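Trainee: One structure is given below, represented as structure tokens, and several questions about it will come after.
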Amino acid sequence: MKLALVGAGKMGGAVLAGAVRAGLLDAADVGVYHPDPGRRAALAARFGATPLDDDGVHHADRVLVAVKPQSFESVAPLIAQRHASYVSLMAGVTTATLSKRLGSRKVVRAMPNLGAAVGASATALAWHPETPADDRDFARRLFQAVGTVHDVPESLFDAYTGLAGSGPAFAAVVAEALADGGVRVGFGRDVARDLARQVLLATARLLETKHPAELKDEVASPGGTAIAGIRTLERHRVRFALMDAIEEASDRARVLSRDGEDV
Ligand SMILES: NC(=O)c1ccc[n+]([C@@H]2O[C@H](COP(=O)([O-])OP(=O)(O)OC[C@H]3O[C@@H](n4cnc5c(N)ncnc54)[C@H](OP(=O)(O)O)[C@@H]3O)[C@@H](O)[C@H]2O)c1
């Protein structure tokens, strides 16, 4: 078995599915643990993986911990092994805590975002200073299977949550507002929503190779429509609002992770 997955929910499942799709793992080489045997069998079957019981997960060499942070305290004694290597994607659980509770120095902490489900996560990675290179590489490849990966100091993980974790909600608000604007100027709701979605999709794709300012300048021709709209956005301090939202969300992530809650 190459990997034991503890917590095959939305995020653990998305990462497992992505790694299998990318050919990094064969589903049959992955074990899925859940304390309830029926649930364990169902989750394993969903991914074509192997169900793991308490003994199986206890002896796993490599574990992806993807339960809710609140469940970690009860799961840790079961999976803790000095020699084993761990990747955790639990929000707010530090590498120091992971290492202490799991009794291992091979610990990588990852913070993916919602995009993992569609192969478009931006994942932050940090690790215990003694984590061997091959364990770090495994974690990197695991999350590269569902998007991009950035090595981020742990002190910036809450800020990461503010931008990459909460960002999809902010972008969704923008999408909804663009669609409302479309309805306001006469489109039906479905068309307006599709236009807004395509605008965001095209912009995201173009930003893979262009600086945002370059893209904006290209669209905003002299005396044209886009620059007229941009002036309105500036009047309403949209940039400030978004920057402030990131800061506020980062502060909130700091409070929640300090209190041991999921973000
Ligand atoms: N969702 C995100 O966008 C996101 C982003 C970044 C990080 N995360 C992190 O990902 C983790 C999981 O979040 P999620 O959204 O994927 O939650 P989720 O869908 O509820 O997944 C948690 C899974 O863990 C299972 N589980 C509960 N207790 C368990 C135990 N003792 N042993 C093994 N499995 C157990 C649950 O099974 P049952 O359904 O039977 O309870 C469920 O399948 C959290 O720590 C969160 O901070 C999530």
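Trainee: If residue 255 meets every condition in (1) modelled with pLDDT of 95 or more; (2) within 24 Å of residue 154 (Cβ to Cβ) apart from one, which number is that one?
Mentor: That leaves (1) as the condition not met.
Trainee: Which pairs have Cβ atoms under 7 Å, sit 6 or more apart or on different chains, and link a residue in region 26-41 that is farther than 16 Å from residue 12 by Cβ to one that is of a type in the set (Val, Ile, Thr) and more than 7 Å from the ligand (Cβ to nearest atom)?
Mentor: 28/50
Trainee: Still on this structure: Given the options 223, 229, name the one that is part of a helix (DSSP H, G or I), surrounded by fewer than 14 Cβ atoms within 10 Å (Cβ to Cβ) and free of Cβ contacts under 8 Å to residues at least 12 places away in the same chain.
Mentor: Answer to the check: 229.
Trainee: Which pairs turn up if I take residues in region 107-130 that are over 15 Å from residue 18 (Cβ atoms) and without any contact (Cβ under 8 Å) to a residue 40 or more places away in the chain and look for partners that are within 9 Å of the ligand (Cβ to nearest atom) and not aliphatic (A, V, I, L, M) with beta carbon separation below 8 Å, at least 6 apart in sequence or on another chain?
Mentor: From region 107-130, the pairs are 107/88; 108/88.
Trainee: Out of region 114-135, which residues are buried (at least 19 other Cβ atoms within 10 Å of the Cβ), touching a strand residue (DSSP E or B) at 6+ places or on another chain (Cβ under 6 Å) and either at pLDDT below 95 or in a helix (DSSP H, G or I) (or both)?
Mentor: 135
Trainee: OK, next. Residue 138: closer than 16 Å to residue 66 by Cβ and more than 16 Å from the ligand (Cβ to nearest atom), yes or no?
Mentor: Taking the combined requirement at face value, the residue satisfies it.
Trainee: Also, quick follow-up: From the list 193, 197, which residue is assigned to a helix (DSSP H, G or I), surrounded by fewer than 14 Cβ atoms within 10 Å (Cβ to Cβ), touching a residue at least 12 places away in the same chain (Cβ under 8 Å) and not small (Gly, Ala, Ser)?
Mentor: 197
A quick yes/no check of all residues on (1) surrounded by fewer than 21 Cβ atoms within 10 Å (Cβ to Cβ); (2) within 8 Å of the ligand (Cβ to nearest atom); (3) acidic (Asp, Glu):
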site: 62; (1), (2), (3): yes, no, no
site: 73; (1), (2), (3): yes, no, yes
site: 76; (1), (2), (3): yes, no, no
site: 80; (1), (2), (3): yes, no, no
site: 90; (1), (2), (3): no, yes, no
site: 94; (1), (2), (3): yes, no, no
site: 101; (1), (2), (3): yes, no, no
site: 105; (1), (2), (3): yes, no, no
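Trainee: When region 32-53 is examined, which residues are found to be out of contact with any strand residue (DSSP E or B) (no Cβ under 7 Å at 6 or more places or on another chain) and either of a type in the set (A, V, I, L, M, F, W, C) or within 9 Å of the ligand (Cβ to nearest atom) (or both)?
Mentor: Matches in region 32-53: 34, 35, 36, 39, 42, 45.
Trainee: Of the residues 18, 56, which is in the same structural domain as residue 124 (by TED's automatic domain parsing) and either touching a Cys at 6+ places or on another chain (Cβ under 7 Å) or in contact (Cβ under 8 Å) with a residue 60 or more places away in the chain (or both)?
Mentor: Exactly one residue qualifies, and that residue is 18.
The values are calculated or read from the model by the stated rules, or taken from the named source; none is laboratory data. Owing to the predicted nature of the structure, the values given are computational and were not obtained by experimental measurement. All Cβ positions, even for glycine, are placed from backbone atoms using ideal geometry, and neighbour counts span all protein chains on display.
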